[in-house]
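Following: one structure in structure tokens, then a few remarks.
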Amino acid sequence: MEELVMINGAISKPSEAKISVFDRGFLYGDAIYEVVRSYSGKLFAVEPHIDRLFLSAERISMKLPYTKKQYLDRMQEFYQKAPFDDAYLRIQISRGEGPITLDPYAPTTVNEVMYLRPLKPHPREYFERGVPVVIAGVLRNSKKAMDPDIKSGNYLNNVLAYKFAAEKKAHEAIMENSEGFITEATTSNVFCVVNGELWTSPDDSDILRGITRNIVITLAQGLDIPLKKKNFTRQDLKNADEAFLTSSTREVMPIASVNGDVLKSSPGPVTRRLQQAYYDYVKNA
Ligand SMILES: Cc1ncc(COP(=O)(O)O)c(C=O)c1O
């Protein structure tokens, strides 16, 4: 079996998995989600993902029917139906179905969809030589409007940004905010290394605080790599000694170029240390 879907606890073949056209995830992107991966038959960092799922739910006033422990059990049980060594598991919870109205109190029960498939690994050369990125021509949503720290089912901002990467055959598109600062990429966080210091955007900036970003920050502290959570510009990124992306599926992925301008090193020494530390962390998790 290659892929599996579970809708509100019932397993479906992907081709038969259906959800109502009145589901608010479909109508408005009124949903939240998480993506977890496994290594060697074990879901990785699933608890922080569930914590973030609850944070997202709280921020959009969505009432979840289960406890964190129950979600953990549901995800583990689903994963056991097809425990690919390296799996991609997505859980999406919409506010549910109801009459077509924006009123968030109209639907009564949430819809939960889980999806599981083998993880498609990124080519080794991405990790060994880095990937090209572009700066998107659309800005990241402002925290004051549609907070990127809510991992919602509304990814249109990111879809529009990704278009720039697709058109330039780049791996990712990085979005700036209205002040001209780098925020994050469409599905990853951004780090750069300047004079031995590791920089990443502040926690309260227009970003999703990635689980991988948090792990990398902790690893950097353990390795005594000086870390600054600070705003930086596209020029800072282009002039950086090294830069990399982080996400659950990308781990620590070096950036080779920004808008065609090749960075000084990819991967540089700090990136390589963090890649190794991340692999060690995963092995011992
Ligand atoms: C917008 C955005 N930023 C950052 C990330 C990285 O998050 P994580 O490290 O939790 O996978 C993601 C992951 O999908 C994302 O969608």
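The values are calculated or read from the model by the stated rules, or taken from the named source; none is laboratory data. The model shown is predicted, which means the values in this text are computed figures rather than measured ones. Glycine also receives a Cβ, built like all others from the backbone with ideal geometry; neighbour counts cover every protein chain displayed. Only protein heavy atoms, including side chains, enter the accessible area calculation; ligands, DNA and RNA are left aside. Shrake-Rupley method; radii C 1.70, N 1.55, O 1.52, S 1.80 Å.
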Practice prompt. Could you tell me which of rounded, prolate or oblate describes the range 16-165, using a ≥ b ≥ c as the square roots of the eigenvalues of the alpha-carbon gyration tensor, with rounded for a/c under 1.5 and, failing that, prolate when a/b is larger than b/c and oblate otherwise?
Written response: oblate
Response to the item:
Taking alpha-carbon centroids only, the range 242-283 lies from the range 18-71 a number of Å equal to 28
Item to complete: Would you give the gap between the C-alpha center of the range 118-135 and the C-alpha center of the range 153-195, rounded to a whole Å?
Response: 15
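Determine the relative contact order of the range 233-285: mean sequence separation of Cα pairs under 8 Å and six or more apart, normalised by residue count, in whole percent.
33
Over the chain, with every protein chain in place, what whole percent of the accessible area is carbon and sulfur at 1.4 Å, could you tell me?
The value for the chain is 53 percent carbon and sulfur by accessible area.
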Worksheet entry | Pair Ser178, Ser61: separation of 7 Å Cα→Cβ label points (nm) | 2.4
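How high is the FRET efficiency from His122 to Thr101, r the C-beta distance, R0 51 Å, rounded to 0.05?
Efficiency, rounded to the nearest 0.05: 0.75.
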Practice prompt. Pull up the cross-link candidates among the aspartates and glutamates for Lys168, meaning alpha carbon to alpha carbon under 14 Å and not fewer than 8 places away within one chain.
Written response: Asp261
Worksheet item: Taking the chain as a Gaussian network, where each spring joins two C-alpha atoms under 10 Å apart, which residue of Thr109, Thr183, Thr212 fluctuates the most?
Response: Thr109
Worksheet entry | Mean separation of Cα contacts under 8 Å, 6 or more apart, over the residue count of the range 202-268: relative contact order % | 28
Worksheet item: For the chain, what is the relative contact order in percent, using Cα pairs closer than 8 Å and at least 6 residues apart in sequence?
Response: 17
Worksheet item: What aspartates and glutamates could a cross-link reach from Lys69, if we take a straight Cα to Cα line under 20 Å and drop same-chain neighbours fewer than 8 places away?
Response: Glu34, Glu47, Asp51, Glu58, Glu77, Glu112
Worksheet item: So which lysines pass the test for Lys151, namely a Cα distance under 18 Å, with those fewer than 8 places away in the same chain ruled out?
Response: Lys63, Lys68, Lys143
Worksheet entry | Overall form of the range 5-88 per C-alpha gyration tensor (a/c, 1.5; a/b vs b/c) | oblate
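Once you've got the Cα coordinates, tell me which of Lys229/Lys264; Lys120/Lys283; Lys169/Lys264; Lys163/Lys283; Lys169/Lys230 are over 31 Å apart.
Those over the limit are Lys163/Lys283.
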Worksheet item: At Lys264 and Lys18, where each label point lies 7 Å from the Cα along Cα→Cβ, what is the point-to-point distance in nanometres?
Response: 5.9
Worksheet, complete the sentence: Mean accessible area per residue over the range 25-166 (1.4 angstrom probe, all protein chains present, square angstrom) is 51
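Kindly work out what percent of the DSSP beta bridges joining two residues of the chain are antiparallel, to the nearest 5.
For the chain, the DSSP antiparallel bridge percentage is about 85.
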Item to complete: Throw me the Rg/Rh for the chain, computed over C-alpha atoms with Kirkwood Rh, two decimals.
Response: 0.97
Response to the item:
One would report the antiparallel percent of DSSP beta bridges in the range 182-233, rounded to the nearest 5, as 60
Worksheet entry | Antiparallel content of DSSP bridges confined to the range 124-284, in %, to 5 | 70
Fill in: Whether the range 108-252 is rounded, prolate or oblate, judged on the alpha carbon gyration tensor where a/c under 1.5 counts as rounded
rounded
